[in-house]
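To keep things clear, I will list the structure first and then write my remarks on it.
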Amino acid sequence: MISFNSASSLLSFLTTKAESSGAGSLIGGGSTATVSDKAKAQAATTAEAALKAAGSTHQAAVAGRALDKQQATLASDLRAAMGRANVKLSSPVEFSVSSSGAVSVNGAAADKAAVTAFLKADTSRPSFSTRIATQARDALELSASIQQRAAISQAARYAGSSGGVMSMYTSLMQQSSAGSTAVFTVSANASSLTYPGSLAAKA
C-alpha cells in the first residue's frame with residue numbers, strides 16, 4: 001500500500017502566507033489568536049488538496065500503481081529470503097535510504113539486529129539493499145514530480161506576480177527536495193512505501 005504524506009514545506013508556506021495577510025486570502029477575519037489557528041488548519045487542508053490534485057493525474061496514478069506493485073513484490077521476496085535464513089519479524093521494520101545510498105533499518109531492537117545482519121550477509125544479485133535503494137530513488141523521482149506540480153499551482157495562486165511566482169516556486173522546490181525521504185515498511189504480512197506527496201492508492 002502507498003499512503004499519502006503531505007509536504008511540510010508547502011504547508012509551512014501556506015500557513016505563513018495566511019498569518020502574514022491576516023488570513024484574508026484563505027479564511028475569514030477573526031481575532032489574532034483564532035486567525036492563527038484557523039490559518040494553520042486551512043493551510044494544512046490547502047496543502048493536502050494541492051498535493052492530492054497533483055498526485056491524481058493519470059501519469060502520477062500509473063506511476064504510483066507501478067511503485068505499489070514493485071514494493072509488494074520486493075516485500076514478498078524479502079520475507080521469503082529472510083524466512084530461509086530463519087529471520088522472522090515480530091513487528092514492522094522500516095527501511096530508509098540516505099543521500100549516499102546507504103540503507104538503514106529501524107524497528108524493535110531484536111528485529112532491527114536480525115534484519116541488519118541479514119542484509120550484511122545477503123549475497124543475492126542484485127542485493128536486497130540495492131533493490132531497496134533503487135525503489136527509494138524511484139519513489140523520490142515520482143515525489144519530486146508531484147511536488148513540482150503542487151508548487152507550480154500554489155506559487156501561481158499566492159505569489160501575486162510573474163516574478164513572485166518563479167521566486168516562490170523555486171523556494172518551495174528547494175525546501176521540498178531538502179526534506180524528502182522514502183520509507184519502506186515491512187511486517188510479517190504487510191508492507192507499505194511512503195514518500196512526500198504520494199497518492200493514496202492500492203494496486
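The values are calculated or read from the model by the stated rules, or taken from the named source; none is laboratory data. Everything numeric here is computed off the predicted structure, so don't read it as measured data. Please note: Cβ atoms are built from the backbone with ideal geometry, for glycine as well, and neighbour counts cover all protein chains shown. All accessible areas refer to the heavy atoms of the entire protein, side chains included, with ligands and DNA or RNA removed. Shrake-Rupley method; radii C 1.70, N 1.55, O 1.52, S 1.80 Å.
A few points about this structure:
- Of the criteria (1) modelled with pLDDT of 65 or more; (2) open to solvent by less than 40 Å² (accessible area, probe 1.4 Å), which one T57 fails: (2)
- Residue match in the stretch 168-178 (condition: farther than 17 Å from M82 by Cβ, aromatic (F, W, Y), in contact with a helix residue (DSSP H, G or I) (Cβ under 6 Å, 6 or more places away or on another chain) and modelled with pLDDT under 70): yes
- In this entry, D37 is excluded by the filter for residues that are of a type in the set (D, E), at pLDDT 75 or above and either open to solvent by less than 70 Å² (accessible area, probe 1.4 Å) or in a helix (DSSP H, G or I) (or both).
- Selected residue (criterion: least open to solvent (accessible area, probe 1.4 Å)) from residues of the stretch 63-106 that are of a type in the set (K, R) and more than 20 Å from the chain's Cα centre (by Cα): R79
- Residue list for the stretch 100-145, restricted to those being in a helix (DSSP H, G or I) and in contact (Cβ under 8 Å) with a residue 40 or more places away in the chain: F128, R131, I132, Q135, A136, R137, D138, A139, L140, L142, S143, S145
- Residue in the stretch 179-195 that is open to solvent by less than 60 Å² (accessible area, probe 1.4 Å), closer than 30 Å to D111 by Cα, modelled with pLDDT under 90 and among the hydrophobic types (A, V, I, L, M, F, W, C) present: yes
- Single match in A109, A144, A159 (criterion: at pLDDT 95 or above, hydrophobic (A, V, I, L, M, F, W, C) and either in contact with a strand residue (DSSP E or B) (Cβ under 8 Å, 6 or more places away or on another chain) or surrounded by fewer than 20 Cβ atoms within 10 Å (Cβ to Cβ) (or both)): A109
- Against the criterion of being outside any helix (DSSP H, G or I), among the hydroxyl-bearing types (S, T, Y) and at pLDDT below 95, S198 qualifies.
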